[in-house]
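A quick write-up on the structure given underneath.
The values are calculated or read from the model by the stated rules, or taken from the named source; none is laboratory data. Predicted model only: the values in this text are computed from it and were never measured. Quick reminder, even Gly has a Cβ in these numbers, built from the backbone with ideal geometry, and neighbours come from all protein chains shown.
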Amino acid sequence: MSTLAQCVQTTPGELMEKMENNQTPWQPTTTMVYACSGCSDAGELADRVARQLTREGVAQMSCLAGIGGGVKNLVAKARSAERILVIDGCPLSCARHTFQRAGFTEFEHLGLQTLGLRKGACEVTDTNITAGVAAAKQLILNPIKG
């Protein structure tokens, strides 16, 4: 059974009990993905790319706001991941900065602007989502060593 299926089968009461007892209600996964999900078209596109990666089973999306807010279980979930992919919609790189401020130093970063997708001028289309997913898969399969 997949980690996502395990999480879905956990009742809200069981989930809350595990969180109150500082137990992680999920299993570590190979790759976690976090998207900026900002208010612009580029933020929506970053979010949709992350969701598509999750649907395809390439990565598991988690909550970027939880990392920024220092939510203990969500930070622990990220720290237990084998790999982390952070997706930003624009050059401000809010998602990357969130991870850096939380003390993370090892993660892959995809800025959608590097694909020619510009904030305020990139429609959220299947074509643009597919381009983002393809770039994300490349980073996951061939991480950049810095």
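For region 107-121: of the residues being at pLDDT below 95 and in a loop (DSSP other than H, G, I, E, B), which is surrounded by the most Cβ atoms within 10 Å (Cβ to Cβ)? The extreme case among them is 117. Kindly evaluate residue 144 against the criterion of being at pLDDT below 95, exposed (fewer than 12 other Cβ atoms within 10 Å of the Cβ), of a type in the set (A, V, I, L, M, F, W, C) and closer than 18 Å to residue 30 by Cα. Against the criterion (at pLDDT below 95, exposed (fewer than 12 other Cβ atoms within 10 Å of the Cβ), of a type in the set (A, V, I, L, M, F, W, C) and closer than 18 Å to residue 30 by Cα), residue 144 qualifies. Here residue 94 clears all of (1) at pLDDT below 90; (2) touching an Asp or Glu at 6+ places or on another chain (Cβ under 7 Å) except the condition numbered (1). Within region 81-93, none of the residues are over 14 Å from the mean Cα position of the chain (by Cα), hydroxyl-bearing (Ser, Thr, Tyr) and either surrounded by fewer than 17 Cβ atoms within 10 Å (Cβ to Cβ) or at positive phi (or both).
For region 33-46, filtered to residues that are modelled with pLDDT under 95 and within 11 Å of the chain's Cα centre (by Cα), the residue that is farthest from residue 76 (Cα to Cα) is 37. Across region 88-97, the qualifying residues are those that are without any contact (Cβ under 8 Å) to a residue 60 or more places away in the chain and not in a strand (DSSP E or B), and the one among them that is nearest to residue 32 (Cα to Cα) is 96.
The residue list 105, 98, 54, 114 contains one member that is touching a Gly at 6+ places or on another chain (Cβ under 6 Å), β-branched (Val, Ile, Thr) and closer than 20 Å to residue 143 by Cβ, which is 98.
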